[in-house]
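Undergrad: Supplied in structure tokens, the structure appears directly below.
The values are calculated or read from the model by the stated rules, or taken from the named source; none is laboratory data. Bear in mind that the values here come from a model prediction, so they are computed numbers and not experimental data. Here the Cβ positions follow ideal geometry from the backbone for every residue, glycine too, while neighbour counts run over all protein chains shown. Side chains are part of the model used for accessible areas, which takes the heavy atoms of the whole protein and leaves out ligands, DNA and RNA. Shrake-Rupley method; radii C 1.70, N 1.55, O 1.52, S 1.80 Å.
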Amino acid sequence: MKNKYAYFIGCTIPFRASNYDLATKKVAEKLGIELVDLPDAGCCGLYFELMNEMTYLSMAARVLSMAEEKKLDLLVLCNGCNGSLYRANKKLKENPELKDGVNKVLAEVGREYKGTIEVKHLIRVLYEDVGIERIKKKITNPLTNVKAAAHYGCHLLKPSEEIRFDDPRNPVSLDRLIEVTGAKSVDYYDKSQCCGGYVLAADAKTAYRMTGEKLTHVKAAGSDIMITGCPFCNVMYDANQKAAETETGQTYKIPVLHYPQLLALAMGVDPKELGFEQNRVRPDMKLFVKGL
Amino acid sequence: MDVKEELKSEIDGKTINYCFSCGMCTGGCPSARLNEKYNPRRILHRAVIEGKIEDDIWLCTNCYTCQERCPTKTKVADIISLMRRIYVKEKGIPEFIKPLVANLEACGFTATIGELENKRRERMGLPPVKMNDEIRKIIEKTGGGVK
């Protein structure tokens, strides 16, 4: 089993979700996985995927080259970064001409893309590389009182023709990862729906209505909390929950945890070490810690 | 410029030929459900029949539901992304994306990472993130910036 990865946090995490970074590191420590920081990495190139292919591929290849230098696969935490970097890596490996073009650009910044590593989202690493059985052995505080609603988001699974992880129509990975903590993963209407984050800048009203619709379904299913594996989905459901409430006229008060925050709690990590001060809708810690 | 011809110069874009306007894409689209201005079936149809791209393409959430559902394997979401690139080439970067590009050029992140963010990271025992000028150089070299 692989136990060392180059570790990419992108833009949204240092700006708005360092708690996701923190919880991932706590979980990795418990599982004996070494994460090698890339402090100079910056952005994956996602926005340029929509504007200029060469800018996008060069920005993505720059990040990929940093993991290649360390001879490590790249672990990413964000669905957006996953889609952007996974697809750029695939495209460049399959197109030598594009790769040459990109390397001419990267020469400007003293880097080279070789095509020697893989890109893996944290959820995929936990589900495929680590595996449920190995995680189960580290659970010391089963969260049997918790009902959680899994939100997969989009670019963890799609386009499935390229990413080939789990079943995009009926995914199970995040549900299994929730259940191994002892929590119940509740089913809810329109579970595979998008958070709306991608249209936030173009049309905030549509984005918040999309966010609100899903929160409505999560609440109707009687879930205590929602679980995300993408920092931007998390921003939409947690930090922008108030804006979604304004748009739909409903009140949600649903705490939204980054998946490793839940897993770390089940592994007995002190909630004070998991950055909950950055979760806008604070969960009641009595749900997770006995005797509080 | 003929949009259909431009799309067909790309592998994913060529799949627009498979589309028979059944509307499965629009039937599953979260953006179309909430906003009558947005309709992916209409966007593809318009490109084929009229050779046109309009501002509504920016309402795509890029969720790929359309592409996963399409019975003819038309790469609906990828085609709409290609249309966005054609749009940018013709009309420039839309106003609402310009601030992100400015941030990328200034510090290498889509947001401005300042003292506040790194102070928070320090409190959490996390390493600081560093600004870089490599991304600005890549944007310049590839002509990706605001013109």
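Undergrad: Label points 7 Å out from Cα along the Cβ direction at B:Arg123 and A:Leu292: separation in nm?
TA: Spacing of the two 7 Å Cα→Cβ label points: 1.8 nm.
Undergrad: Assign one of three labels to segment A:147-257, namely rounded, prolate or oblate, based on the Cα gyration tensor with a ≥ b ≥ c the square roots of its eigenvalues; rounded applies when a/c is under 1.5, prolate when it is not and a/b is larger than b/c, and oblate otherwise.
TA: It comes out oblate by the Cα gyration axes.
Undergrad: Stick to Cα atoms and the Kirkwood definition of Rh, then tell me Rg/Rh for segment A:61-159.
TA: In segment A:61-159, Rg relative to Rh is 1.11.
Undergrad: Cα-Cα pairs above 14 Å in segment A:233-292: how many percent?
TA: Tail of P(r) above 14 Å: 57 percent of Cα pairs.
Undergrad: Quick one: which bits of segment A:1-25 get at least 30 Å² less accessible when the partner protein chains are in, versus the chain alone, with a 1.4 Å probe?
TA: A:Cys11, A:Pro14, A:Phe15, A:Ser18, A:Leu22
Undergrad: How large a share of the accessible area of segment A:1-53, in percent, is made up of carbon and sulfur atoms when the probe is 1.4 Å and the other protein chains stay in place?
TA: Reported share for carbon and sulfur atoms: 43 percent.
Undergrad: Just which residues of segment B:47-75 lose 50 Å² or more accessible area with every protein chain there, against their chain alone, with the probe set to 1.4 Å?
TA: B:Thr61, B:Asn62, B:Cys63, B:Tyr64, B:Glu68
Undergrad: Okay, which of segment A:18-53 sit inside 14 Å, backbone N to the point 7 Å along the Cα-Cβ direction of B:Glu140?
TA: Correct set: none at all.
Undergrad: OK, next. If the cut-off is 13 Å between C-alpha atoms, which aspartates and glutamates fall inside it for B:Lys91, apart from same-chain ones fewer than 8 positions away?
TA: Within the straight-line cut-off, B:Lys91 pairs with B:Glu54, B:Asp55.
Undergrad: Taking a cut-off of 13 Å between Cα atoms, list the aspartates and glutamates near A:Lys26, but don't count ones fewer than 8 places away on the same chain.
TA: A:Glu34, A:Asp270, A:Glu273
Undergrad: Please turn the phi angles of segment A:111-127 into ³J(HN,Hα) values with the Karplus equation 6.51 cos²θ - 1.76 cosθ + 1.60 (θ = phi - 60°), one per residue in order, whole Hz, x for glycine and proline.
TA: Result, ordered by residue: 10, 9, 9, 10, x, 10, 10, 10, 9, 9, 6, 3, 4, 5, 4, 5, 7 Hz.
Undergrad: Please compute the length gained on full extension between A:Lys2 and A:Thr116, using 0.36 nm multiplied by the number of residues separating them and subtracting their Cα-Cα distance.
TA: 39.5 nm
Undergrad: Also, quick follow-up: Counting other Cβ atoms within 10 Å, which GluC sites (Glu not before Pro) in segment B:58-147 have at most 10 and lie in a DSSP loop?
TA: B:Glu95
Undergrad: Sticking with this one: Over segment A:143-292, with every protein chain in place, what whole percent of the accessible area is carbon and sulfur at 1.4 Å, could you tell me?
TA: In segment A:143-292, the share of accessible area belonging to carbon and sulfur is 48 percent.
Undergrad: Could you report segment A:152-205's accessible area per residue, 1.4 Å probe, as an integer in Å²?
TA: The answer is 40 Å² per residue.
Undergrad: With a 1.4 Å probe and every protein chain left in place, work out the accessible area per residue of segment A:55-141 in Å², rounded to a whole number.
TA: 39 Å²
Undergrad: Once B and A are treated as a pair rather than alone, how much accessible area drops out, both sides summed, in Å² to 100, probe 1.4 Å?
TA: 5100 Å²
Undergrad: Hey, another quick one. Go through segment A:213-219 residue by residue and turn each phi into a ³J(HN,Hα) via Karplus (6.51, -1.76, 1.60, θ = phi - 60°); whole Hz please, and just put x for glycine and proline.
TA: Karplus-based 3J(HN,Hα) across segment A:213-219 equals 4, 5, 4, 4, 5, 5, 5 Hz.
Undergrad: State the percent of C-alpha pairs, over all pairs in segment A:213-268, separated by a distance greater than 12 angstrom.
TA: Percentage above 12 Å: 65.
Undergrad: Nearest 0.05, what FRET efficiency do B:Lys37 and B:Phe96 give at R0 = 22 Å with Cβ-Cβ as r?
TA: Rounded to the nearest 0.05, the efficiency is 0.90.
Undergrad: Calculate the translational D of the protein assembly as shown in whole µm² s⁻¹ from Stokes-Einstein, where the hydrodynamic radius comes from the Kirkwood formula applied to all Cα pairs, the temperature is 4 °C and the viscosity 1.567 mPa s.
TA: Calculated translational D: 59 µm²/s.
Undergrad: Nearest 0.05, what FRET efficiency do A:Thr248 and A:Glu108 give at R0 = 45 Å with Cβ-Cβ as r?
TA: 0.40
Undergrad: Leaving out ligands, DNA and RNA, and with a 1.4 Å probe, what % of the accessible surface on segment B:1-90 is carbon or sulfur?
TA: 48 percent
Undergrad: Suppose only helical runs count, i.e. DSSP H with n ≥ 4. What mean residue ellipticity at 222 nm does that imply for chain B under -39500 (n - 2.57) per run, divided by all residues and rounded to the nearest 500 deg cm²/dmol?
TA: -14000 deg cm²/dmol
Undergrad: Quick check of the Kirkwood formula: for segment A:91-206, what is the inverse mean of 1/r over all pairs of different Cα atoms, in Å?
TA: After inverting the mean inverse Cα-Cα distance, the result is 17.5 Å.
Undergrad: How far apart, in nm, are two points set 7 Å out from the Cα along the Cα-to-Cβ line at A:Ala204 and at A:Glu69?
TA: 3.9 nm
Undergrad: Longer than 31 Å from Cα to Cα, which of A:Lys25/A:Lys147; A:Lys91/A:Lys136; A:Lys4/B:Lys8; A:Lys158/A:Lys242; A:Lys91/A:Lys138; A:Lys120/B:Lys75 are they? Say none if no pair is.
TA: A:Lys91/A:Lys136; A:Lys4/B:Lys8; A:Lys91/A:Lys138
Undergrad: Describe numerically, in nm with one decimal, the distance between label points set 7 Å from Cα along Cα→Cβ at A:Arg282 and at A:Arg169.
TA: Here the answer is 4.5 nm between the modelled labels.
Undergrad: What does the structure give for B:26-39 when I average, per residue, the other chain Cβ atoms found within 10 Å of the residue Cβ?
TA: That works out to 4 on average.
Undergrad: What whole-number value in Å² describes the accessible area per residue of segment B:50-147 for a 1.4 Å probe?
TA: Per-residue value: 46 Å².
Undergrad: Follow-up question, since we're still on this one. Please state, to two decimals, what the Cα-based radius of gyration of chain B comes to when divided by 2.2 N^0.38 Å (N = residues).
TA: Ratio of Rg to 2.2 N^0.38 Å for chain B: 1.29.
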